[in-house]
Amino acid sequence: MTPRELVFAWVEAFNRADVDALTEMYTEDATNYQVAESPVVGRAAIRQMFESGFALANMECIVEQVLEDGEWAALEWRDPLGLRGCGFFQVRDSHIVFQRGYWDKFSFLRAQGKPVPDVL
């Protein structure tokens, strides 16, 4: 699978909240770094991240565009509640080895009706 194809498959699995399918898309030692959170390293930890995320909120990823360059794909997305973000996926041998996502955690929590932590 090309990086672009894998990202589209990832979006489909994400929108089904299919933790098993998502987890299988990562290498055993992959890193998923959502800039609003600490990096998550390893397939088991990434699985837990998705389980926790889907337990917290109903999420949907609507593709705006996917760009590909070599072993990288960039995903620009939005959700039905108005949140926007982007993600970068490094893919080798049809598996994600590194992912970085940019999105606003406070906007996400507010849109989902979840408590927003106090910050100074």
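The values are calculated or read from the model by the stated rules, or taken from the named source; none is laboratory data. Computed from a prediction, not measured in an experiment: that's the story for all the values here. Note: ideal-geometry Cβ built from the backbone for every residue, glycine included; neighbour counts use all protein chains shown.
For the stretch 30-59, how many residues meet the condition of being within 21 Å of residue 71 (Cα to Cα) and in contact with a helix residue (DSSP H, G or I) (Cβ under 7 Å, 6 or more places away or on another chain)?
Matching residues across the stretch 30-59 total 5.
From the list 112, 48, 65, which residue is more than 19 Å from residue 7 (Cα to Cα), more than 12 Å from the chain's Cα centre (by Cα) and modelled with pLDDT of 95 or more?
Residue meeting the stated conditions: 48.
Does residue 75 qualify as being more than 12 Å from the chain's Cα centre (by Cα) and hydrophobic (A, V, I, L, M, F, W, C)?
Here the answer is no, as residue 75 does not meet what is asked.
When only residues in the stretch 30-53 that are among the charged types (D, E, K, R) and in contact (Cβ under 8 Å) with a residue 24 or more places away in the chain count, which is farthest from residue 83 (Cα to Cα)? Outline the logic, then answer.
Let us first name the residues in the stretch 30-53 that are among the charged types (D, E, K, R), namely 37, 43, 47, 51.
The next check asks that each one be in contact (Cβ under 8 Å) with a residue 24 or more places away in the chain; those that pass are 37, 47, 51.
Details: 37: 17, 47: 23, 51: 20 Å.
Here the answer is 47.
Taking the stretch 53-82, which residues are farther than 20 Å from residue 105 by Cβ, charged (D, E, K, R) and surrounded by 14 or more Cβ atoms within 10 Å (Cβ to Cβ)?
Those that are farther than 20 Å from residue 105 by Cβ, charged (D, E, K, R) and surrounded by 14 or more Cβ atoms within 10 Å (Cβ to Cβ): 68, 71.
Among (1) in a strand (DSSP E or B); (2) of a type outside the set (A, V, I, L, M, F, W, C); (3) touching a Phe, Trp or Tyr at 6+ places or on another chain (Cβ under 9 Å), where does residue 76 come up short?
Only one criterion in (1) in a strand (DSSP E or B); (2) of a type outside the set (A, V, I, L, M, F, W, C); (3) touching a Phe, Trp or Tyr at 6+ places or on another chain (Cβ under 9 Å) is unmet by residue 76, namely (3).
Among the numbered criteria (1) surrounded by fewer than 17 Cβ atoms within 10 Å (Cβ to Cβ); (2) closer than 26 Å to residue 114 by Cα, which one does residue 50 miss?
Among (1) surrounded by fewer than 17 Cβ atoms within 10 Å (Cβ to Cβ); (2) closer than 26 Å to residue 114 by Cα, residue 50 violates only (1).
Filter the stretch 5-45 for residues that are over 14 Å from the mean Cα position of the chain (by Cα), farther than 14 Å from residue 98 by Cα and surrounded by 13 or more Cβ atoms within 10 Å (Cβ to Cβ) and give the result.
Result: 5, single match.
Go through the stretch 61-73 residue by residue and tally those that are in a strand (DSSP E or B), touching a residue at least 12 places away in the same chain (Cβ under 8 Å) and within 19 Å of residue 15 (Cβ to Cβ).
The total comes to 5.
Can you tell me which residue within the stretch 79-119, out of those that are assigned to a loop (DSSP other than H, G, I, E, B) and hydrophobic (A, V, I, L, M, F, W, C), is farthest from residue 27 (Cα to Cα)?
Ranking the candidates gives 119 first.
Residue pairs, Cβ under 9 Å, 6 or more apart or interchain, first in the stretch 89-118 and under 20 Å from residue 9 (Cα atoms), second exposed (fewer than 14 other Cβ atoms within 10 Å of the Cβ) and of a type in the set (S, T, N, Q). List them.
That search, which allows pairs on different chains as well, returns 91/2; 94/2.
Which residue is farthest from residue 65 (Cα to Cα), if the candidates are limited to the stretch 8-29 and must be without any contact (Cβ under 8 Å) to a residue 40 or more places away in the chain and of a type in the set (Gly, Ala, Ser)?
Across the stretch 8-29, the extreme among qualifying residues is 21.
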